[in-house]
Amino acid sequence: MVERRLAACVQLEPVESVYHWDGALQQDAEVRLLLKTTAARWPALCEALRALHPYTLPQILALPVADALPAFARWVGEQTSPPANAESAS
């Protein structure tokens, strides 16, 4: 997602999940991802995650950001914008 410029940064965290699925209690090791993106890039990020995820029903959530360090928010915007030369090539 970072290479595609859909996320500025991705954090990976191993987790153990317990849930009901297909009528049975499941327990699995999973990896939780925290992807930092912009509201403008969210639809494309969500679509890409959905297409690549092996689960039938993956948990893909967008959490609102109440506030952010302005320099960090600017960096996320810069990292998720297509490079200038890619825009002129279209």
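What follows is calculated from the coordinates using simple rules that are stated; it is not laboratory data. As the structure is a prediction and not an experimental result, all values here were calculated from the model. Ideal geometry is used to build each Cβ from the backbone, glycine not excepted, and the neighbour counts take in all protein chains shown.
Worth a mention:
- For Rg and Dmax of the Cα atoms in Å, the value computed from the atomic coordinates appears in the list (1) 16.0, 53; (2) 14.4, 49; (3) 12.7, 39 under label (1).
- Among THR56, VAL10, TRP75 the positive-end extreme of the charge dipole of the chain (Cβ point charges): TRP75
- Magnitude of the charge dipole for the chain, about its Cα centre and with charges confined to Cβ atoms of Lys, Arg (+1) and Asp, Glu (-1), is about 320 debye.
- Ranked by the mean number of other Cβ atoms within 10 Å of their residues, highest first, the peptides 46-56, 14-24 come out as 46-56, 14-24.
- Residue among GLN27, GLN79, GLN11 with the largest mean-square fluctuation in a Gaussian network model of the chain, springs linking Cα atoms under 10 Å: GLN27
- Modelled FRET efficiency - R0 22 Å, ARG50 with ALA29, Cβ distances, 0.05 increments: 0.55
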